[in-house]
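Participant: Just dropping this structure here.
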Amino acid sequence: MKRAAWINLALLGAVIALVLIAWLKPSVSEPEHKLSTLKATDAKSIRIEIAGAEPIALERAATDWRITAPFTARADSFQVQRLLGILDATSKDRFPAVGLARYELNEPHVRVTIERQTFSFGAANSMSNEQYVLTQDGIYPVSLRYAAALPKNTLQLASRQLFAAEEAPVAFEFSAFKLAQEGGKWRLVPPAANPGADDINRWVDEWRLATALAVQAASERKPLATIKVKLKSSGDVTLAVVQREPELIIARSDQKFEYRFPGAIARRLLAPPVAGASK
C-alpha cells in the first residue's frame, strides 16, 4: 500500500477515535439546586400572603382543594396545581440569604407557605427572565412562570364550576316551570314542546357542568329571577340571576361571589328544555 494511503487511514482512525471519545465522555452539566423536597401530592395546606391584602388559606379536602380564608369556597384545582409547581422548581444558582434588599426580598410582595416551607418572591431579572425566590436560607433565581402562577386575589383561586362534581341536581324550580326527578325519570311541569329524555338530560347536564368565564365579587343588585335547585345529597341551593345580557351572571346563595357566563348560554339555561335541542 502506498505511503499516502497509510497516512489517510491513520488520519481516518484518529478522527474516529476523537468522535468516540467525545461521544463516550460523560457530559458535564451545571448543577441544579432543588428548592424543596416536599412533593405536591403530600401538600395539605397552602397560605398566601399578598402585601396589603388578607391572607389566603387553602386546605386539601377528601377529593379537592378548598379555600378556607378569607372566605370558604371550592378552589380551582388547576390554579392550585400551578401554585404547587414551585415544589418542583430547580435553579442553576443558590445565593446565601444576605443582602435581601438587593433582591427585593426584605419586604417581598408575595409569600407562599406550603406546609411549613415558605417561598418569598422578590425582584425579576429582566436579563435572564428569572425571579428571585427566598426559601430555606437560600436565594434562587427561577423561571418567571412560578410567579405567573401567583393569584392577585382570592377570587382567582375560586372554582369556576357552578356545581361541585359531587353535587347532583335532582330538581329545578323556576317561576314559570319546574323540572324534577320522580322515580328515576325527569318530569317537566308544565310540559314544553314535548321534550324527550335526551333533551332533558342534555339540559340538566348543561346546568350540572356549567363552568363560568370567571368569578367576581358579589354585587348589591336586585336579582332578576331566582331558581331553587335541590341537590341529591347536599340539600338545596338558591341561584339568583343577577344579569341576563350581555353576559349571564348568577350568584349562589351559599357563596360570596358571582359566576359570569357567556350571554348565549342564558337562552338555554333559563328556558325549559325543548324537543330537538340535543340534535
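Participant: Let me know the whole percent of all Cα-Cα pairs from the stretch 61-152 that are separated by more than 21 Å.
Facilitator: 33 percent
Participant: Express the carbon and sulfur contribution to the solvent-accessible surface of the chain as a percent, rounded to the nearest whole number, probe 1.4 angstrom. Mind dumping the intermediate values first?
Facilitator: Numbers: 8980 of 16740 Å².
Heavy-atom surface of the chain belonging to carbon and sulfur, 1.4 Å probe: 54 percent.
Participant: When the gyration tensor of the chain is built from Cα positions, what are the square roots of 5 times its three eigenvalues, in whole Å, from largest to smallest?
Facilitator: Listed largest to smallest, the semi-axes of the chain are 55, 30, 16 Å.
Participant: Which value, in Å to one decimal place, does the Kirkwood hydrodynamic radius take for the stretch 131-264 when every pair of different Cα atoms is included?
Facilitator: Its Kirkwood hydrodynamic radius stands at 17.4 Å.
Participant: Return the long-range amide H neighbours of VAL170 (sequence gap of 5 or more, or a different chain), with a cut-off of under 5 Å between placed amide H atoms.
Facilitator: LYS230, LEU231, LYS232
Participant: Counting only complete DSSP H runs, which helices of the chain cover 18 Å or more along their long axis at the Cα atoms and score a mean Kyte-Doolittle of -0.5 or above?
Facilitator: The answer, listed by residue number, is 3-24.
Participant: Using label points projected 7 Å from each Cα along Cα→Cβ, tell me how many nm separate LYS152 and ASN201, to one decimal.
Facilitator: Result: 4.3 nm between the two label points.
Participant: Roughly speaking, what is the centre-to-centre gap between the stretch 194-242 and the stretch 91-124 when only Cα atoms are used, to the nearest Å?
Facilitator: 43 Å
Participant: Still on this model: Could you work out the helix-only [θ] at 222 nm for the chain, with each DSSP H run of four or more residues adding -39,500 (n - 2.57) and the total divided by the number of residues, to the nearest 500 deg cm²/dmol?
Facilitator: -5500 deg cm²/dmol
Participant: Can you tell me the accessible area per residue over the chain, all protein chains present, probe 1.4 angstrom, in square angstrom? Don't skip to the answer; put the middle values down first.
Facilitator: Values: 16740 Å² over 279 residues.
Heavy-atom SASA per residue in the chain reads 60 Å².
The values are calculated or read from the model by the stated rules, or taken from the named source; none is laboratory data. For clarity, every value in this text was computed on a predicted model and none was experimentally measured. Neighbour counts are summed over all protein chains in view; Cβ atoms, including those assigned to glycine, are modelled from backbone coordinates with ideal geometry. Each accessible area value is taken on the protein alone, full model and side chains, heavy atoms only, with ligands, DNA and RNA left out. Shrake-Rupley method; radii C 1.70, N 1.55, O 1.52, S 1.80 Å.
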